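The values are calculated or read from the model by the stated rules, or taken from the named source; none is laboratory data. Given the structure is predicted, the values throughout are model-derived calculations rather than measurements. Note that we place each Cβ from the backbone using ideal geometry, even for glycine, and neighbour counts take in every protein chain shown. The area values use the complete protein model at the heavy-atom level, side chains included, leaving out ligands, DNA and RNA. Shrake-Rupley method; radii C 1.70, N 1.55, O 1.52, S 1.80 Å.
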Amino acid sequence: SYLPEFGFLAVAIEAPGHGHSSPVPRGADFATRVDLIHRALDALGNRRAVVAGHSMGGRSAACLTALHPDRVLAAMFVDAALGEDFDLAVIKQLSSEAATMRSLVDGIVDVTSDAQNIPWHERLAYYRMLSGPGRPHLADLARTPEVARAIAVNESEVWLAAIRHASIPAAVLHGAHDLVVPLADATAVARRLDAPPRLLPPRLDET
C-alpha cells in the first residue's frame, strides 16, 4: 500500500494454482510456472520491473530474473526459497515421508507464529487476513507436494550465477527466526549475489 503513494505501480501476481489462479499442468517444472509471470508482464504492458518475492515467490523472482534479465530492473528476495543448500534439503526431505510432514508442520507453525512480535492492532489485521482473502484453501494444501517436487531440483545456484553475471541489482531480506528457510541459506544466497543480507528484526516498528 505504500508504493503507490510514491508514484509506483505495484502489482501482486498469484502463483499458478494458488488462490483463484488456474493450475499449471501436473509435473510442470518451475520455469513453466514462472513463464506465467513473464506473460503477465507482457499483458500488463510492463517492459521492465522491480521484482520481489517472499519464500516460493522469491524463488519465482530469481528464476524470472535469471531467464529474462532484460525485463528486470532489480530483484528483492524476502525469506526466499533459494540456494544450493535449500535445494538439496528439499530433495532430501522428499525422500522421507517423516521429513516431508515435519517440514509441513514447520510451515504451519511459522505462519501462525508470525504475529507474535507485532503490535496488537497489526496482529488483528494479520489474523483477519488469514481468515479472509489470505485463508489457505484445501486445494492449495493438496498441491503442496507437487510444488515441492517442482522446487526439488538443484537449479537455483544456476539462476543466482546468471543474475550476478547480468549485474542485476539484488537485495536479500531474511527473518532471523524463519522456520522454513534457514538464515544460513539466505546468507549463502547473499554471498553468491554479492549483496550483504539485511536481517529483518522481530519488531519491524523498532527500526
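Below, the figures for the structure above:
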item: Check on residue 181, among the β-branched types (Val, Ile, Thr), closer than 26 Å to residue 68 by Cα, at pLDDT 80 or above and within 16 Å of the chain's Cα centre (by Cα); result: yes
item: Unique residue being aromatic (Phe, Trp, Tyr), open to solvent by less than 50 Å² (accessible area, probe 1.4 Å) and in contact with a strand residue (DSSP E or B) (Cβ under 8 Å, 6 or more places away or on another chain) when the list is 86, 77; result: 77
item: Tally, over the stretch 27-50, of residues that are part of a helix (DSSP H, G or I), of a type outside the set (A, V, I, L, M) and in contact with a strand residue (DSSP E or B) (Cβ under 7 Å, 6 or more places away or on another chain); result: 0
item: Filter result for the condition that a residue is part of a helix (DSSP H, G or I) and of a type outside the set (Asp, Glu), over 58, 53; result: 58
item: Flag if residue 19 is under 17 Å from the mean Cα position of the chain (by Cα), farther than 14 Å from residue 172 by Cα and in contact (Cβ under 8 Å) with a residue 24 or more places away in the chain; result: yes
